[in-house]
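This report refers to the structure that appears directly beneath it.
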Amino acid sequence: MTERRARRVEVAAQPRHVSLGDAPGDDTAEQAPAEKAEEFEYLGILVERKHDGAPAGETWLPMGDDPSEEDDERLIAALHEAWLWTTEADRVSGTSW
């Protein structure tokens, strides 16, 4: 298998979850009972780079229900960077398509 074929990029819609409050390590006798942590979900797109099936890096881009032109440009830039990463070995060796 060539280096180029060993590098894959996967793109998927993937939400991220964030919890606020209820910080770990704050267990003291004087502390008030813990309040339930507030949880938020952010929609986004995950661009994951894999080398021989193992994760080699990722970029997560937040995307709302109504993406802006700026969101589109960030996604295009991330996809372009991922494409360059997949073809890096060919470009270095001078292989043409």
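Computed values, structure above
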item: Output for segment 41-81, where each listed residue is exposed (fewer than 11 other Cβ atoms within 10 Å of the Cβ) and within 16 Å of VAL18 (Cβ to Cβ); result: GLU41, GLY64
item: Segment 47-87, residues that are among the polar types (S, T, N, Q) and touching a residue at least 40 places away in the same chain (Cβ under 8 Å); result: THR86, THR87
item: Condition broken by GLU30, with the remaining ones in (1) assigned to a helix (DSSP H, G or I); (2) modelled with pLDDT under 85 satisfied; result: (1)
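The values are calculated or read from the model by the stated rules, or taken from the named source; none is laboratory data. Predicted, not measured: the structure shown is a model, and the values here were computed from it. Cβ coordinates were reconstructed from backbone atoms using ideal geometry, including for glycine residues, and neighbour counts include every protein chain displayed.
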